[in-house]
1. Send over a whole-number figure in Å² for the accessible area per residue of the chain, probe 1.4 Å.
2. Could you state the angle between the C-alpha long axis of helix 263-283 and the longest principal axis of the C-alpha atoms of the chain, as a value from 0 to 90 degrees rounded to the nearest 10?
3. If I fit a long axis through the Cα atoms of helix 300-316 and take the longest principal axis of the Cα atoms of the chain, what angle between them do I get, 0 to 90°, rounded to 10?
4. Relative to the first principal axis of the alpha-carbon coordinates of the chain, what is the inclination of helix 74-83, with its axis defined by its Cα atoms, in degrees from 0 to 90 and to the nearest 10?
5. For segment 189-273, with all protein chains present and a 1.4 Å probe, just round the carbon and sulfur fraction of the accessible area to a whole percent.
6. Can you give the helix-only mean residue ellipticity at 222 nm for the chain, where every DSSP H stretch with n ≥ 4 adds -39500 (n - 2.57) and the sum goes over all residues, rounded to the nearest 500 deg cm²/dmol?
7. What does the charge dipole of the chain about its Cα centre add up to, to the nearest 20 debye, if the Cβ of each Lys and Arg holds +1 and the Cβ of each Asp and Glu holds -1?
8. Return the single residue from H283, H201, H134 with maximal mean-square fluctuation; model: Gaussian network over the chain, springs between Cα atoms under 10 Å.
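The values are calculated or read from the model by the stated rules, or taken from the named source; none is laboratory data. Computed from a predicted model, the values in this text were never measured in an experiment. Here the Cβ positions follow ideal geometry from the backbone for every residue, glycine too, while neighbour counts run over all protein chains shown. Note: accessible area is taken over every heavy atom of the protein model, side chains too, but ligands, DNA and RNA are not part of it. Shrake-Rupley method; radii C 1.70, N 1.55, O 1.52, S 1.80 Å.
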Amino acid sequence: MKRIGKNVFVRLFVLVLLTVSLSACANPTQQKEQSESEAWPGSAQTNVLIGRGINLGNALEAPNEGDWGVVLQESYFREIKKAGFQSVRIPIRWSAHAQSVSPYTIDPRFFDRVDWAVNQALRNDLTAIINVHHYEALYQNPQQEKERFLALWRQIASHFQKFPSRLLFEILNEPHGQLNAQLWNVLADTALKVIRRSNAHRVVIIGTANWGGLSSLDDLQLPDDSLLIFTFHYYEPFHFTHQGAEWVEGSDAWLGTTWEGSAAEKQTIRSAFDRVQTWAERHHIPVFLGEFGAYGKADMDSRVRWTSFVAREAERRGFSWAYWEFCSGFGAYDPNTNQWRPELLHALIPEN
Ligand code: BGC
């Protein structure tokens, strides 16, 4: 009797264990939902959680994932976490995966793939930033594409409504072309209102027109919203960071440009960042340097000097940052050997 009883108990225990682990296996990446009543962090606290980050570039913002040589792997998220990063920015070309006519439905299989990527980040304890990237038609035809852009955000925002607060939305990567600063101010404000209908508490990231750089910083009108982080991209001197870049006409002529870290070179960067800091303090908004990096055709010593200087100057001012990018042309990680490029990694994360 005693023996049988024990057996039954053991079997029951195993059964319960099995059921629990099976249900966990059914959806291994499922994250805990963030409820309305749970405390949501503000923008300053959230910016600390972005901290040091990296862009998973050339994957989901290619026309189709893989077209530009990068297919996201589970191991990438683990490696990024292990190396000491706190966040990933995941650029996404939603416009290539949605109907071109109303109601502009986003392909559910594409949503599944983005869910997978976001959940990989979150389960590795990385803050995840998703954006709208490379919406070329919107840059060319803002008035005509506006309705579709807002419909994309309506779907994205409600889809991710219950995701934890460590998922952040960035409204649009590098507005440019016909989408000038004035139109961008209106569009960003409208898009934010659409997002807020389903995500009252989530921190949203907003940047400048004219390619997301600093040239139109003073044109940006921030929406009246306390849960924003300001983002800018920094690729100066452009002739150095974009030498030999296939997508920049004439850039072959810049090959061989170095960055020595002279007093004057450093001062240019300091002055630019000081300007951002002053502007941000005036507007009471935290700052995220969302992209910076030097292309792989520049010499490694210069890249390391520049990358490390930019990252440290950002940190000194309390800016969070995300290096452009993980494993492609600017890559800090070599996807062929599955190894970090140690000099670049160390420039980004000095402890490593
Ligand atoms: C663009 C990339 C480009 C990078 C550096 C990004 O915002 O989306 O295509 O490689 O900037 O130029």
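1. Here the residues of the chain average 46 Å² of exposed surface.
2. With both axes taken from Cα atoms, the answer is about 60 degrees.
3. For helix 300-316, the angle is close to 80 degrees.
4. 70 degrees
5. Within segment 189-273, the accessible surface is 52 percent carbon and sulfur.
6. -13500 deg cm²/dmol
7. Using only the charged Cβ atoms, the result is roughly 1880 debye.
8. With Cα springs under 10 Å in the chain, the top fluctuation among H283, H201, H134 is at H283.
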